[in-house]
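Report on one structure; see the data block that follows.
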Amino acid sequence: DGIDEGTCDCDGTLPDYECADGSIVCDASECASEITISFGAVSGNNDGGDGSVEITYNSTDHIAGFQFTVSGVSLDEASGGAAEDAGFTVSVGTDTGIVIGFSFDGNLIPAGSGTLTYLHVTGIDNSNEACLSDVIISDSNGGGFEDIMIGDCVDVSLLEVLDTMPYEYSLSQNYPNPFNPVTSIGFSV
């Protein structure tokens, strides 16, 4: 009744759902998926040299898997966050800086925002910042997010490792002699 042919493609009604990019579609599932991945908090322990770096996400669609590279830090493992909550297996390449997360059971990380995972760091490389690159994120349909926004690099100087060796050490004589059931050996560094 006065509407161009093909315009009513929402079961006889006009599209009325507005996506984040301003386009009007029939429902949310037709919106282009958007995702942002970035660094969150950086925390070290009092000894320096290790700590954790939070990876955050903000997504309009569920996440079925992810892969990215972290430069500037030495990684040990990843744990926690929405990835762990969804039963994901998250692996890190300690030499490559590559982080991969997926679920063997087909679980999804729900759309929304929060902590994706925490990366446990054992030291920093030759700079004082860590950066994300080569980000690939799979959406709930098994395809990849087209426009992935990557956050800025992060200052990791508080994780700086002090590569100092002890200047002196000593090992004392054991007492009483080692043929007793218990012996003590004193040492100092």
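Taking the charge dipole of the range 33-189 about its Cα centre, with +1 at Lys and Arg Cβ atoms and -1 at Asp and Glu Cβ atoms, the residue from 69, 36, 104 reaching farthest to the positive side is 104. Given R₀ = 22 Å, FRET efficiency for residue 67-residue 157 by Cβ-Cβ distance, to 0.05? Efficiency for this residue pair is about 0.25. If you model the range 84-189 as an ellipsoid using its alpha carbon gyration tensor, with each semi-axis the square root of five times an eigenvalue, the axes come out at 47, 21, 10 Å, biggest first. Each peptide in 150-158, 169-177, 113-121 gets a packing score, the mean of other Cβ atoms within 10 Å over its residues, and the list from highest to lowest is 113-121, 150-158, 169-177.
Given a 1.4 Å probe and every protein chain left where it sits, what share in percent of the accessible area of the range 43-189 is carbon and sulfur? Here carbon and sulfur together make up 49 percent of the probe-accessible area.
Taking each residue as 0.36 nm, the span from residue 133 to residue 91 lengthens on full extension beyond its C-alpha to C-alpha distance by 13.5 nm.
Accessible area per residue for the range 36-189, computed on protein heavy atoms with a 1.4 Å probe, is 59 Å². The dipole here belongs to the range 67-189: it is taken about the Cα centre, uses +1 on the Cβ of Lys and Arg and -1 on the Cβ of Asp and Glu, and is about 540 debye.
The values are calculated or read from the model by the stated rules, or taken from the named source; none is laboratory data. Note that the structure is predicted; figures quoted are calculated from it, not measured. Backbone-built Cβ (ideal geometry, glycine too); neighbour counts: all protein chains shown. Surface areas here come from the heavy atoms of the whole protein model, side chains and all, with no ligands, DNA or RNA. Shrake-Rupley method; radii C 1.70, N 1.55, O 1.52, S 1.80 Å.
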